[in-house]
Amino acid sequence: MEDQERFVDQVVRVVDMASIKSVLDLGPKSINIAKEFEPKENLKFKVGYSHQAHGRFDLVILNMVLQWIPRHLLIPTLNQIDQCGATFVFIKDFRPQKFLSSVSVHNPNVRIFKQDYRQMFTTFPFFQVGWEEVEYATRGIDFIRSSFLIKRVSLDEAYEDRPSVVENQRGKKS
Ligand SMILES: C[S@@+](CC[C@H](N)C(=O)[O-])C[C@H]1O[C@@H](n2cnc3c(N)ncnc32)[C@H](O)[C@@H]1O
């Protein structure tokens with residue numbers, strides 16, 4: 001509960017909670033907890049896979065979710081985040097400087113994956129880290145986590161405009 005409150009606090013700082021329209025989780029149990037926590041009429045709750053999420057959204061929130069996603073569904077999930085047109089992606093997850101895997105404390109049948117998930121986005125210059133907050137930095141690599149906000153920027157902002165190689169060569173000859 002304490003964790004949940006901290007999370008809500010963090011998101012409220014970056015986004016108006018009233019604007020959240022849809023909640024998706026693979027587990028019906030998680031969806032029921034979410035419904036109890038945020039019983040709003042205009043909020044849609046769906047059971048489903050992240051890589052099959054449909055709709056257009058300005059903001060996508062992945063709170064301690066990427067660590068759970070089976071690795072063969074990680075790239076399809078990134079694709080879906082991109083396809084829904086989100087301007088902002090809020091992520092909270094473990095953030096060690098190594099690639100780690102361990103058994104989940106919530107479910108012994110689940111292997112979770114810890115890595116710096118910012119890298120999934122920042123390899124594309126049109127996704128930029130807008131804000132980040134690190135937690136548990138002094139507790140060691142198994143605990144360190146961070147919350148961050150990815151902002152999608154225009155291609156003009158992302159890429160430096162350069163003359164073509166032909167124009168460059170012409171420039172050199174003259
Ligand atoms: C640690 S819990 C976090 C739950 C919730 N986001 C929160 O903040 O309390 C991880 C959740 O990810 C969900 N999950 C795992 N893989 C998923 C996937 N491929 N698509 C959607 N949800 C998934 C699990 O069902 C689980 O509820």
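The values are calculated or read from the model by the stated rules, or taken from the named source; none is laboratory data. The model shown is predicted, which means the values in this text are computed figures rather than measured ones. We place every Cβ from the backbone using ideal geometry, glycine too, and count neighbours over all the protein chains shown.
Numbers below:
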item: Residue within region 156-172 that is of a type in the set (D, E, K, R) and either in contact (Cβ under 8 Å) with a residue 40 or more places away in the chain or within 23 Å of Leu26 (Cα to Cα) (or both) present; result: no
item: Strands (runs of 3 or more DSSP E) contained entirely in region 10-124, each with at least 3 residues that are in contact with a helix residue (DSSP H, G or I) (Cβ under 8 Å, 6 or more places away or on another chain); result: 22-25, 44-47, 59-63, 88-94, 111-114
item: Residue within region 130-147 that is assigned to a loop (DSSP other than H, G, I, E, B), closer than 30 Å to Arg56 by Cβ and at pLDDT 95 or above present; result: no
item: Where Leu100 falls short, out of the listed (1) within 16 Å of the ligand (Cβ to nearest atom); (2) among the hydrophobic types (A, V, I, L, M, F, W, C); (3) surrounded by 15 or more Cβ atoms within 10 Å (Cβ to Cβ); result: (3)
item: Count of region 146-174 residues which are closer than 16 Å to Gln119 by Cβ and of a type in the set (Val, Ile, Thr); result: 1
item: Which numbered condition Trp68 fails, given (1) within 16 Å of the chain's Cα centre (by Cα); (2) without any contact (Cβ under 8 Å) to a residue 40 or more places away in the chain; result: (2)
item: Flag if Lys35 is surrounded by fewer than 16 Cβ atoms within 10 Å (Cβ to Cβ), at pLDDT 85 or above, under 24 Å from His106 (Cα atoms) and away from the ligand (no atom under 11 Å from the Cβ); result: yes
